[in-house]
1. Place a +1 charge on the Cβ of each Lys and Arg in segment 191-327 and a -1 charge on the Cβ of each Asp and Glu, then give the dipole magnitude about the Cα centre in debye, rounded to the nearest 20.
2. Assuming R0 = 25 Å, can you tell me the calculated FRET efficiency for the pair MET91 and TRP57, based on Cβ-Cβ distance, to the nearest 0.05?
3. Would you work out the relative contact order for segment 68-224, in percent, from Cα pairs under 8 angstrom that are 6 or more residues apart?
4. Which values, in whole Å and largest first, are the semi-axes of the equivalent ellipsoid of segment 28-166 obtained as the square root of 5 times each eigenvalue of the Cα gyration tensor?
5. Mind computing the radius of gyration and Dmax over the alpha-carbon atoms of segment 327-408? Å is fine for both.
6. Using Cα pairs under 8 angstrom and six or more residues apart, how large is the relative contact order of segment 1-155, in percent?
7. Given a 1.4 Å probe and the protein chains all in place, what does the accessible area of TYR201 round to, in Å² to the nearest 10?
8. From a point 7 Å beyond the Cα of ASP35 in the direction of its Cβ, which residues of segment 303-322 have a backbone N at a distance under 20 Å?
Amino acid sequence: MATEPASARTSPALRREAQTAMYQRALKTLPGGTDSNFRAWGDDTIYVDRGKGGRVWDIDGNEYIDLRMGYGPVILGHGDERVDDYVNERMRRGVSFSLTSEDEVRAMELVKELTGWVEKVRMTVSGTEATMHAMRVARAYTGRDKIVKFEGQYHGVHDYALISVAPDNMADLGDADAPVRLAWGRGIPDAVADTIIPARYNNIDALRRLFEARGEEIAAIIVEPVLGNAQGIMPKPGFHKAMRALTEEFGILLIFDEVKTGFRFAKGGAAEFFGVTPDLATYAKAMGNGYPAAAFGGREEVMSVLPDKVSHGGTYAGNRIAAAAAVKTLTIIKETNALEVIHATGRRVQDGLREVLNPTGLPYHFTGHPSMFGIMFSEVEASEYRDWATTDHELYDSIALGMHARGAMPEPDSREPWFFCEAHAEGDIVDRVVTIFSESLDAALEARAHGQAGEQHHIGFGAVGGQP
Ligand code: PMP
């Protein structure tokens, strides 16, 4: 990724005075000026004031159509009054007791009702905790230590998940036929990293060879059903079904990390969408419309290692705010056509983008699902993370930053898909997104024709960049 920016900041359309001052202030206290590496964007770091529906305002008063939606959780819209009023009412009864409330029981009943296959499930506060516990349950149930994960997939920030996630340089992942486990950043003990076996997505033959060689060591495969942190690269037809059959053959558990896909692709998440039933699954994001609700659950027999044989706890697990948010959000998803509205909105945007892109002759593919899609500039449709390197992601990044300057905010890194919420259906948001994209594409192509890099932006920490 090119690093030297003609940044969005220099665009006359964006005011930056308050944010520049806040960045300088925050730098003195928060490393990188933020609470997460993924939003430490250097001089371009955005400081938010508020959001409403599908829009967000920074502290300089710049308004954007929000296409990040907090990396996915805000499925209905910012400040959704149905959810906020319910949470407000429930929180007045007290927030944290380290006792169990009816909200928690109802929230988890709703997970069962919506998925149709989850039999036992518990709340956590973050997706990170959910994947950490699901992996522990899988290890405990099988008595095996190793977990297979796919290159380019992100499962949170615990030590066990930060392997072969999102390098810019594919050579760091090792030979295609012998992937190496690449720790993301320092501080991850080798002994922990050694429990993870990286594999290549969409490559069922390699998986079979791996299982034949080492199947007896492997507790589970954890998979984002689509590569939600690598532009939404999709499974090849039949990949999940083949993986399900293979895991059953070798007595290996299948964990669907539905943190991004859950309650978004379908009421029952990616498991319903792809017609595959895993053994365990993790949920977060869309289940709380932005409140910190998460869960892990699965088949009764596998989950039966809890509570006696496996540790799981958490002062805030099932806290009132998260549980009430999950009750209301999941009830809305269950009882209304919110997901249909979101899917239709995503399809309308894609139709508009096709009208803009087709006449240009640029090769492109939409990746992912209409509710969460990426735009990949390449002749060949990507099938695994390594393919991302061969796409024209510089063009994408340049368009994305141009969109910021014109009032729409996708992630300025092609690996993060655009997220749609129910409120994006309101007013002229769809048309504006398409117009803003079109103008930004023109500007990016013009900059390229004049030999400029266009607007670029360097994300993340140093050489390891990327986003969740
Ligand atoms: N799994 C997936 C698939 C994710 O996308 C993320 C976060 N983007 C996580 C796990 C971690 O969730 P959290 O940020 O809530 O810890």
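The values are calculated or read from the model by the stated rules, or taken from the named source; none is laboratory data. In this text, all values refer to a predicted model and were calculated from it rather than measured experimentally. Note that each Cβ is placed from the backbone with ideal geometry, even for glycine, and that neighbours are counted across all protein chains shown. Heavy atoms of the whole protein, side chains included, go into the accessibility calculation; ligands, DNA and RNA do not. Shrake-Rupley method; radii C 1.70, N 1.55, O 1.52, S 1.80 Å.
1. Charge dipole, segment 191-327, about its Cα centre: 540 debye, nearest 20.
2. On the way: r = 25 Å, r/R0 = 1.00.
Step by step, r from the Cβ atoms, then E = 0.50.
3. Relative contact order for segment 68-224 comes out at 22 percent.
4. Result for segment 28-166: semi-axes of 30, 25, 15 Å.
5. Gyration radius and largest Cα-Cα distance of segment 327-408: 15.6, 47 Å.
6. 11
7. 0
8. Flagged as within label range: 314-322.
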